[in-house]
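Taken together, the values in this text are just the output of simple stated rules run on the coordinates, not laboratory data. All of these numbers come straight from a predicted model, not from anything done at the bench. All Cβ positions, even for glycine, are placed from backbone atoms using ideal geometry, and neighbour counts span all protein chains on display.
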Amino acid sequence: MIQEQKRYKEPLKSPENDLLALVSQYCSWGDTVHYAEKLNIFSAAEGSYLYDRNGVEYLDLQMWYSAVNFGYKNQRLNDALKKQLDTLPQLACQYLHEEKILLAAKLARGIEKTFKTKGRIHFNVGGSAAIEDSLKIVRNHTNKNLVFAFMGGYHGRTLGASAITSSYRYREKFGHFSDRAVFIPYPYCFRCPYDKSREDCGLYCLKQFERLFETEYYSVVNHKTGNCECGAFYIEAVQGTGGYIIPPREYFSGLKEILNRYNILLVDDEIQMAFFRTGKFWAIEHFNVVPDIIVFGKALTNGLNPISGMWAKEKLISPSVFPPGSTHSTFSSNSLGTAVGLETMRLIEESDFVKQVPGKGKYFVARLRQLQKKYPQIGDVDGLGLAIRVEICQKDGFTPNKQLTDAIAAIGLSGNLSAGGKKRGLVLDVGGYYKNVFTLAPSFYITEEEMDLAVDLFEEALQKGLSVA
Ligand SMILES: Cc1ncc(COP(=O)(O)O)c(C=O)c1O
């Protein structure tokens, strides 16, 4: 925690209301800022905390949707950025620089070691842009436009990425610019789409997917040629925006077996879950399958100059099939981003996140489950590493309760909580099919004391929420 005097040496220049008046007139409301009724303006960040303009401290349990895994203002990563600013701050991405080459090699070698598969890395800037690049690879290799994707999946909001993201809400006003995915139910066991129970379902959802291939009349396969109309299946190993849903461990290996029969590529969208969020470098490592393409972004640069990218198997991305100019964006592989990305990789190599993240996750989930015993409105608590879900329900512990969820989130952001003996706020992110799930993605450096504080703040917000919602 930083000392307040140090952070607020400078008097604040613009009154908050003046700034908000400018927002209402001059900022597009088309982003996600206005999901909230009361808008917050933050002015400082450090470790697990954001600070508003009055110096109120907000414990952040979402860390920019898992883009800041290594804590705000991480000294080591910030220093890497500053060093690059003084050496090679800009470079057109048609020219090479050392950090880009070393970062690509580290990522590709890591994947080669983990999955025993050779491939190459292609960088871009944001997650959605990397998804677009992966769609090009899929189309180029398979000559097919269509893909499978999961209900509840989120792959971004560019046009191609929206077309394979399940929510019609993101497409409704913009028509079809790309081929919409064929959406398949995700193994969301707490709310099984087939009303089964995990104990005795025998992975019924997987069997239902397999049935699609039984006859041509189910629309996806031509048995005479052995071809499926979809070239790939886009997955999130742990569904992010869908509500940090953790599938059964055997699910993806079963899915991959089916895909292999029809030469359907498995594209693993790791944009939110990679870089140890789930306790492993890639979330898919929990599931014993080798993807054909991996897409990443967010935490690679800890939220500093963004870099996203994809890894693809050599046969999909070798220069003979994906030649120069196949895809490009001005700021892809920007040197500030690659320098931070490279330092992130070194930091990961020197840390013990493989132990620390699951250890902290276990502690946090246990504390939240204690709370669950007191409040039937906490319908489900689950976690993989430090990707943790808290599903808010009615008193029956099952019916989704969006109203209470929204109330808790707004109370957290009001900065008027008092747990821990001073005025504080709590930053929570809401996801889930019914927008009733807190998707918790705390900093990997969160301490037990901070997790205890988080639980106290959450309980205070919940109690206040129950009195209004
Ligand atoms: C799994 C997943 N894919 C893709 C995206 C889109 O990435 P971006 O917002 O950087 O375009 C996100 C963003 O939240 C994501 O979580």
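Observations
- Cβ-based exposure ranking for D396, D292, D429, D179, in which fewest neighbours within 10 Å come first: D396, D179, D429, D292
- The gain in end-to-end length when the T87 to A105 segment is fully stretched comes to 4.3 nm, 0.36 nm per residue minus the alpha carbon separation.
- Remark on segment 20-135: hydrodynamic radius 18.2 angstrom, per the Kirkwood mean of 1/r across alpha carbon pairs.
- Scattering from segment 284-371 was approximated by placing one identical point on each alpha carbon and applying the Debye formula without solvent; log10 I(q)/I(0) at 0.12, 0.16, 0.19, 0.22 1/Å stands at -0.58, -0.91, -1.10, -1.20.
- Coarse-grained scattering of segment 80-350 at q = 0.15, 0.17 Å⁻¹, given as base-10 log I(q)/I(0) from a Debye sum over alpha-carbon atoms: -1.12, -1.41
- Length gained when the stretch E216-H176 is fully extended (0.36 nm per residue, less Cα-Cα span): 11.8 nm
- Residues T158, T301, sorted so that the one with the fewest Cβ neighbours within 10 Å comes first: T158, T301
- In terms of packing, defined here as the mean over residues of other Cβ atoms within 10 angstrom, the peptides 79-89, 239-249, 103-113, 28-38 line up highest first as 239-249, 103-113, 79-89, 28-38.
- Violating pairs (Cα-Cα greater than 23 angstrom) within the set K113/K256; K116/K256; K82/K313: K82/K313
- Mean projection area, nm², convex hull over Cα of segment 308-352: 4.3
- Working value for segment 253-326: equivalent-ellipsoid semi-axes of 23, 20, 7 Å, each the square root of 5 times a Cα gyration tensor eigenvalue, largest first.
- Space enclosed by the convex hull of the alpha-carbon atoms of segment 307-460, per residue, Å³: 182
- Cα→Cβ-extended label distance, 7 Å offset, between K73 and E229, nm: 5.5
- Cα gyration tensor category, rounded, prolate or oblate, for segment 185-335 with a/c compared to 1.5: oblate
- Dimensionless Rg over Rh [segment 402-469; C-alpha; Kirkwood]: 0.97
- Rounded to 0.05, the FRET efficiency of the V23 and L466 pair, given R0 = 35 Å and the Cβ-Cβ distance, is 0.65.
- Cα-based radius of gyration of the chain once divided by 2.2 N^0.38 Å, which approximates compact folds: 0.99
- For segment 353-417, the fraction of alpha-carbon pairs lying more than 13 Å apart is 66 percent, rounded to a whole number.
- Taking every Cα-Cα distance in segment 22-62 and sorting them into 10 Å bins from zero, the calculated P(r) comes out as 25, 45, 29, 1 percent.
- Over the chain, DSSP H runs of length four or greater, each weighted -39,500 (n - 2.57), average out per residue to a 222 nm ellipticity of -11000 deg cm²/dmol.
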